[in-house]
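Here it is, the structure, as structure tokens.
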Amino acid sequence: MARLSESEIITRLATLPGWSFSNNSINKLFRFKAFMAGIDFVNRIAPIAEAADHHPDILINYSRITFSCTTHSQGGVTEKDFALANQIEKEFTAGGA
């Protein structure tokens, strides 16, 4: 899967509110009302990432969870990262905070 150019990434980010591009990855911070709500969300994303064989970096900071998606084998962002980001968004919308 080919690495996307920065202009392609910026264009694609317009469809993912709250996501940004930095450090060669697309990233989003999700806020939850409590620690366990964030952990529950991570636990819902884990099997999705595993099934896609594409694993995001996940930073847990109390009730704030940050996902960073990049395709390490390609040295940057690919379609796989946008597919996973869209699934993360879908799960967040379905499950709420």
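The values are calculated or read from the model by the stated rules, or taken from the named source; none is laboratory data. Keep in mind that this is a model prediction, so the values were computed, not measured. Counting neighbours? That spans all protein chains shown, and the Cβs are built from the backbone with ideal geometry, glycine included.
Are any residues in the range 72-90 at pLDDT below 95 and surrounded by 13 or more Cβ atoms within 10 Å (Cβ to Cβ), and if so, which ones?
If the condition is that a residue be at pLDDT below 95 and surrounded by 13 or more Cβ atoms within 10 Å (Cβ to Cβ), then 74 is the only one that fits.
Report yes if some residue within the range 54-65 is under 12 Å from residue 26 (Cβ atoms) and out of contact with any strand residue (DSSP E or B) (no Cβ under 7 Å at 6 or more places or on another chain); otherwise report no.
No.
Shifting gears a bit: Give the range 4-27 a look and list any residue that's of a type in the set (D, E, K, R) and crowded, with 17+ Cβ neighbours inside 10 Å, or say none.
If the condition is that a residue be of a type in the set (D, E, K, R) and crowded, with 17+ Cβ neighbours inside 10 Å, then 12 is the only one that fits.
Still on this structure, please answer the following. Would you be able to tell me the number of residues in the range 45-71 that are surrounded by 14 or more Cβ atoms within 10 Å (Cβ to Cβ) and either without any contact (Cβ under 8 Å) to a residue 12 or more places away in the chain or farther than 27 Å from residue 3 by Cβ (or both)?
1
Under 7 Å by Cβ, and 6 or more places apart or on different chains, what pairs join a residue from the range 3-25 that is more than 22 Å from residue 73 (Cβ to Cβ) with one that is assigned to a strand (DSSP E or B) and aromatic (Phe, Trp, Tyr)?
Matching pairs, first to second residue: 10/21.
Can I ask one more? Search the range 32-44 for residues being assigned to a helix (DSSP H, G or I) and of a type in the set (Phe, Trp, Tyr), and hand back the single one that is surrounded by the fewest Cβ atoms within 10 Å (Cβ to Cβ).
It comes out as 35.
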